[in-house]
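I have placed the structure first, in the form of structure tokens, so that the comments after it can refer back to it.
The values are calculated or read from the model by the stated rules, or taken from the named source; none is laboratory data. Keep in mind the model is a prediction, meaning the values are calculated, not measured. A quick note on method: Cβ atoms are made from the backbone with ideal geometry, for glycine too, and the neighbour counts reach across all protein chains shown. Keep in mind that these areas ignore ligands, DNA and RNA; they rest on the heavy atoms of the full protein, side chains included. Shrake-Rupley method; radii C 1.70, N 1.55, O 1.52, S 1.80 Å.
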Amino acid sequence: MKKFIPLLLAMLIAFIGQAQVITNYNNIEKIGNEGKFKAAYRMAVQEVAPPDLKNALARDKAEAQAGSKIIYIAEPVALNVNLQKAASWVRNGEMEYGRFTLYSRGAQTLSINFSDFYLPKGTELFIYNKEGEMITGPVTEAENNELKTWGSSIFKGDEVTVEVKVPAALKDELSLIITNMAYGYKQIFIEKTVGFGLSGACNINVLCAAGNGWAAERNSVAFIATSTGAALCSGAMVMNTCLTNVPYVLTANHCFDANTNVGGWRVFFQAWSAACTPNQNSNGVLFNGTTLRARWAPSDFCLVQLNSTPAANSGINYAGWTRSTAAATSGVSIHHPAGDVMKISTYTTALVREDDPVRCGVNAVGTLHWVVLWNQGVTEGGSSGSPLFDQNHRIVGQLSGGPSSCAQAANCRIDMYGRFDDSWTGGGTNATRLSNWLDPSNSGAQTTNTTSIANLLTPNGQTIPETNFICTSRSYSLTGVPAGTVVTWQSSDPAVATITATGNPVTLTKVANGYVTITARVGGCVVATKGIYVGSSPISIASTLQPGCNSGFQNWVLSISPITNGSNWNWSIGTLGTNSQINIYSPTSTTTNVGVKGGGAVRLNYTDACGVARQDGITVYSTCPPFRLAVSPNPASGNIVVSMNDPLVEKAPTETQAAISPLRKIASKGQTVLSLFELNTNLPMRQWKFNETKGQRYNMSLSGLRKGNYLLQVDRDNQTQVTRVMVQ
């Protein structure tokens, strides 16, 4: 008898953006007593007492009576096991090998979760069950993540072993704390010759005839396991109007209520049997960790976003949807009943729009529902959150619950789905509606169609790379879009330049000199913009002030970019400040040094790439003071020496450099004037005037002045410095 394993068990718990890890459920070469690495381990086993299942079983009974379509398979048990300390370790050369086993009597399945998870480079970790035929690994440092959490797959039986190989020099960096074990109390590993997994016999594999024509939609459907592995739901990737690869997954709000730690949810796509009658496990695509975006109880919807963005070649599709309030006349639901491989249920009777419906003694979570009567297949626990498609292959709702099962009579094979159109506006906030997530540009779209991920845009991955000017016309294109993507274009000012409305590439054509912004849209959403100079080519002048002073001059480095946008460069002096001086050392180079005393403007004349003579400019200045003022001695009773030194020659004493506002401007150009004012009255007491500006030392007599504080103001070439002088 061939052994089959539900695809639920092919999943792993990993986290944000990590690589996939393989679990082999049909390992031919069993792992023996020496372990995966065949080391001489001692026994390192911890027995964990089974949890009390009374509450769990009561919950399961209540869920079933209420028509819930969520399924619980395990009960979490809190642990605190430091594997580095608890494991048996063996040193062999440059590597350390460790092994640790958890055992819990009577468990049908076990899985474990780690916190403070960190694997040093070169580490390999394997996890396997007692018989050694189910093996996860190797798990490597690629699984390290910011949250420092990781979890195992779900293993058959009551025993699970963790074995690790780590470079001996890095063993102290290894961190593996087991904080949770999921004790499985339902038998999900079964043997069948017909069918696959636990779901009822009336369910139909999605690759059977009932699924013909629904291949695109089945590629959008996933099953979801909660962070502890205790509960299961279904869901679907859903389109947004911007045609971007933003991995939103729609499921039921009551799945969130069952486990609010969406950061640990695991989402598994393409988990269908390889044929209508399966004879082998199928491969799938696993994503680990989600982020909550919106949820609302009345229509029982929950929207999460995968923490990892699917690759363009993953084969996943995004399901289309409709906001129509008209009842669908036929369609399907695609789901994972009992965590089984993907099934399809069909209906040919028009949906019924009803608030808080009751059918066959059962209602469902929420109040705003579509009621469906199945003509093929049903739903079961694990189907919650699965999409309901209309005859146009668009989602109209997600499963809330209902009485349907294989054991029901035909007239009670009925279920209730939260209405998509009500979820669209939800509770009126971003956290309680779908609209702002699935229609971020507020396009008002009523529908979208199921689309292959290969035909979607990478968020923020589109650019308009061509140059930012045209002389008469130029071709522009949007990069980062799949072939065949419809791109629409707009010019901000058609009176300056017009652009082809649709296409990739398109042509921008000059109407008049000026500036426009061109906008590229996909699906009505702006994905890229670019500013364009029309009839000219722009350049920019970069300026860098150099440190240091030389005789009052400070140096600037001026450079042009891009140099391809012009020619015939010519730097010259523009406007000069009073008593300022500018020296340009390479007037025809694209990069020049400029010496500045005071301040002013440097002019740049050039011919742009469109052949137009242009002028640009930049302001430069010197931060060097014109002179430093020092008085010695100070206090003084007779003569003083007033020094006006270049900053690099002599630094004046700190106490003489306090900033004091000048009392009045006195000196003319070419003069040096020293004025002494009484501090309290600001009355002028003495003045010395020199018809030159080169002197650095001046002897002044203070004889005849009464004792007290004075202000000495020095004016030179319209530059002023002031300091205090004390007369004794």
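Structure notes:
- At q = 0.19, 0.29, 0.31 Å⁻¹, base-10 log of I(q)/I(0) for region 394-441 (Debye sum, equal scatterers on each alpha carbon): -0.67, -1.03, -1.09
- Solvent-accessible area of PHE389 with every protein chain in place, 1.4 Å probe, in Å² to the nearest 10: 0 Å²
- Relative to the longest principal axis of the Cα atoms of the chain, the long axis of helix 54-65 makes an angle of roughly 80 degrees.
- Residues whose amide H falls under 5 Å from that of ALA252, counting only those 5 or more places apart or on a different chain, are CYS302, GLY385, with hydrogens built in the peptide plane.
- The calculated FRET efficiency for ASN449 paired with VAL358, based on their beta-carbon distance and R0 = 35 Å, is about 0.55.
- Placing ARG716, ARG706 in order of accessible area, with the largest value first and a 1.4 Å probe, yields ARG706, ARG716.
- Descending Cα extents along the principal axes, region 208-266, whole Å: 35, 33, 16
- Shape box of region 460-516 [Cα atoms, principal axes, largest first, Å]: 34, 19, 17
- Three-way shape call for region 225-366 based on the alpha-carbon gyration tensor, with the a/c threshold at 1.5: rounded
- Using R0 = 30 Å, the C-beta based FRET efficiency linking THR591 and THR472 works out to 0.45.
- A simple rule links phi to the HN-Hα coupling: the Karplus curve 6.51 cos²θ - 1.76 cosθ + 1.60 with θ = phi - 60°, which for region 40-47 gives 7, 6, 8, 6, 9, 10, 10, 8 Hz, with x for Gly and Pro.
- A cut-off under 10 angstrom between Cβ atoms defines the neighbours of GLY566, and their net charge, with Lys, Arg +1 and Asp, Glu -1, is -1.
- TRP89 - accessible surface, heavy atoms, 1.4 Å probe, Å² rounded to 10: 50 Å²
- Stretch gain in nm, segment LEU53-ASN375, where the contour uses 0.36 nm per residue and the Cα spacing is subtracted: 112.2 nm
- Simple spin-label estimate for ALA410 and ASN82 gives 6.6 nm between the two label positions (7 Å along the Cα-to-Cβ direction from each Cα).
- Nitroxide proxy distance, nm - points 7 Å out along Cα→Cβ at THR488 and SER632: 8.0 nm
- Cα-Cα over 27 Å, subset of LYS148/LYS171; LYS30/LYS69; LYS69/LYS156; LYS510/LYS530; LYS61/LYS156; LYS36/LYS148: LYS30/LYS69
- Using the Cβ-Cβ distance between ASN313 and ALA274 with R0 = 22 Å, the FRET efficiency computed as 1/(1 + (r/R0)^6) comes to roughly 0.65.
- Candidate aspartates and glutamates - alpha carbon under 12 Å from LYS694, same-chain residues fewer than 8 apart omitted: ASP646, ASP717
- Measuring between alpha carbons in the structure, the pairs from LYS38/LYS186; LYS54/LYS343; LYS54/LYS186; LYS85/LYS186 lying more than 21 angstrom apart are LYS38/LYS186; LYS54/LYS343; LYS85/LYS186.
- With the simple spin-label model, which puts each label point 7 Å out from Cα in the Cβ direction, the SER701 to ARG603 separation comes to 5.3 nm.
- Accessible area of TYR347 in the full protein assembly, 1.4 Å probe (Å², nearest 10): 0 Å²
- Counting only GluC sites (Glu not before Pro) that DSSP places in a loop and that have at most 15 other Cβ atoms within 10 Å, the longest clean stretch of the chain runs over 147-649.
- Any cysteine of the chain lacking a neighbouring Cys Cβ under 4.7 Å - listed by number: CYS302
- Prolate/oblate/rounded call for region 196-237, Cα gyration tensor, a/c under 1.5 rounded: oblate
- Hull volume per residue, based on the alpha-carbon atoms of the chain and their convex hull, is 273 Å³.
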